[in-house]
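Before any comments, here is the structure.
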Amino acid sequence: MASPDLFPNVAFSDVSASAAPAAEGATAAFGVSAATGGPRLSLVKAGKPEVEPTVEIDLSDAQIFKLGASEWLCVYGESEAKAGVEEKLFSRAIKVVLRTEAESKAFSLAFQRWKQQVISGKAGEPLENGSIIASRSKFDTKIEASSAKMYFHYYGQLLHQQNMLQDFVRTGTYYAAVMENRSDFEGRVVVDVGAGSGILSLFAAQAGARHVYAVEASEMAEHAQRLISGNPSLGQRITVIKGKVEEVELPEKADILISEPMGTLLVNERMLESYVIARDRFLAPDGKMFPTTGRIHMAPFSDEYLYVEMANKALFWQQHNFFGVDLTPLHGSAFQGYFSQPVVDAFDPRLLISPPTYHTLDFTSMKEEELYEIDIPLSFVASVGTRVHGLACWFDVLFNGSTVQRWLTTAPGSPTTHWYQLRCVLSQPLYVMAGQEITGRLHLVAHSAQSYTIYLTMSAKMWGVGAEQGGILQTSTGKLELKEPYYRLSQPQSYMPQDQQQQQQLPSLQPQGSEQQMQEGLSPGITIDQVDQESGLH
């Protein structure tokens with residue numbers, strides 16, 4: 001081949017004209033149509049100059065189907081101008097035969113790469129005898145366009161890729177998981193789902209993969225190609241494909257999927273769904289997934305510093321004379337607004353007041369739809385008497401290799417990652433005694449902005465005499481937006497022992513604030529005189 005987009009000495013024939021002989025020694029060339037400016041495939045018979053293509057195929061509504069090791073059927077809409085308006089009249093099918101299986105794979109990848117330039121901006125149009133391409137991909141039906149645009153713009157920037165690469169817990173664990181399980185990779189076909197910079201593809205090639213397909217939908221695909229080309233001993237076994245895993249086609253099944261699909265609280269950004277879709281589309285029945293399993297860990301926590309800090313944020317709205325304006329009517333809404341933000345930071349594990357529990361996601365067997373709504377029952381036993389300020393969460397993932405099983409954890413007390421940990425803070429804390437049961441529910445509902453709404457309920461059950469008869473003493477609820485967290489990273493607080501925390505709490509377990517304070521959600525124990533100075537975190 002003269003170039004990745006030029007295929008000499010192919011044969012092609014029009015399936016609808018069965019009597020016509022196949023054109024031997026022809027050339028297939030991908031490029032831009034001079035007439036429309038859109039991507040096109042030209043099939044030029046031998047002896048014809050390329051500027052006069054025998055067949056020109058508009059890739060905006062074209063689709064290919066594999067007939068054999070080196071044979072493809074290209075179906076597209078034939079159009080004709082009537083009264084100055086171009087109309088799609090019927091489908092046309094061209095059979096294309098390549099010289100070798102390797103050229104056949106390259107032809108398929110070139111087709112997908114060029115078609116990807118139009119599929120996101122203009123869907124295939126229905127033909128008279130049906131639609132040959134879905135009007136929208138599965139990704140597009142779930143995710144709003146503005147969110148997807150910002151998402152791919154973010155990951156298309158090298159500074160964000162650098163931030164992830166410099167997370168040595170993340171990058172080092174992936175490297176170890178791959179290298180310690182070379183037997184899983186040697187001589188195998190690997191698909192890197194959401195390849196980003198291509199680093200995991202290069203790891204797979206280092207481990208001896210026969211070929212790696214690096215699928216990346218953002219502009220980072222161009223950077224990945226340069227990085228991979230700059231490492232030719234590995235790059236010759238890596239093919240970069242720009243596109244979404246929901247849309248691209250691969251020439252062969254994968255033995256291994258590798259990906260870094262985890263977001264905050266494991267599920268943020270909804271890339272786990274793409275990982276599962278890639279499994280269903282590309283992975284061989286006995287294939288492996290790196291990572292294999294994920295777990296969301298949860299435990300109640302007590303952190304008076306954090307609660308006071310968040311309550312302080314709304315004190316601005318308690319001013320009765322702000323340039324002559326009373327701001328207090330908005331205080332309740334502002335107070336609840338601050339508590340609708342999950343807190344992302346690294347906290348001391350001694351703030352946890354109960355052993356954690358976890359919820360497992362098995363990437364190898366779960367259905368994509370199971371990620372649309374995740375309902376986790378909560379049950380804990382308090383180890384100390386204290387105020388419960390909410391639920392702390394983190395995650396880990398397992399690389400279940402044939403040789404070594406390795407975990408990547410984001411747990412508090414472990415080396416910090418760029419994911420940190422996440423805490424859902426209740427606007428109204430609970431009061432518990434040692435041995436008292438805490439129950440509730442963590443309910444995650446996915447939405448089209450590539451994230452989740454979190455519904456948290458926590459209750460303190462009856463304690464002491466008569467507890468066996470059940471009953472709830474207190475319940476507190478919260479609604480939080482996972483896409484809009486409070487990144488509390490610039491000034492981590494030191495751990496404060498429980499006995500010192502008690503000094504900042506209410507003198508009594510009975511609410512003593514005014515009815516208005518309770519309605520606004522302001523804890524009666526938090527007053528302007530009581531709170532600490534502003535911490536400087538905004």
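Read the figures in this text as sums done on the coordinates, not as results from a lab. Computed from a predicted model, the values in this text were never measured in an experiment. Cβ sites come from the backbone with ideal geometry, for glycine too, and all protein chains shown count toward neighbours.
Legend: distances between Cα atoms for K142/K242; K115/K367; K149/K367; K244/K479; K66/K149; K115/K149; pairs beyond 22 Å are K115/K367; K149/K367; K244/K479; K66/K149. Note on segment 379-442 and segment 239-310: Cα centroid distance 20 Å, given to the nearest whole angstrom.
Rg and Dmax of segment 314-359, based on Cα coordinates, read 17.3, 52 Å. Mean projected area of the convex hull spanned by the Cα atoms of segment 263-366, taken over all viewing directions: 10.1 nm².
What order, most packed first, do the peptides 151-159, 236-244, 221-229, 400-408 have when packing is the mean number of other Cβ atoms within 10 Å of each residue? Before the final figure, lay out each step's value.
Values: 151-159: 14.3, 236-244: 20.7, 221-229: 18.4, 400-408: 16.3.
Ranking the peptides 151-159, 236-244, 221-229, 400-408 by packing returns 236-244, 221-229, 400-408, 151-159.
Running Debye on segment 160-272 with equal point scatterers at the Cα sites and no solvent, what base-10 log of I(q)/I(0) appears at q = 0.10, 0.17, 0.23 Å⁻¹? Here the Debye-derived log intensity ratios amount to -0.26, -0.79, -1.46. The coefficient of translational diffusion for segment 290-339, derived via Stokes-Einstein from the alpha carbon Kirkwood radius under 37 °C and 0.692 mPa s, stands at 240 µm²/s. Computed from the alpha carbon atoms alone, the convex hull of segment 317-475 holds 195 Å³ per residue.
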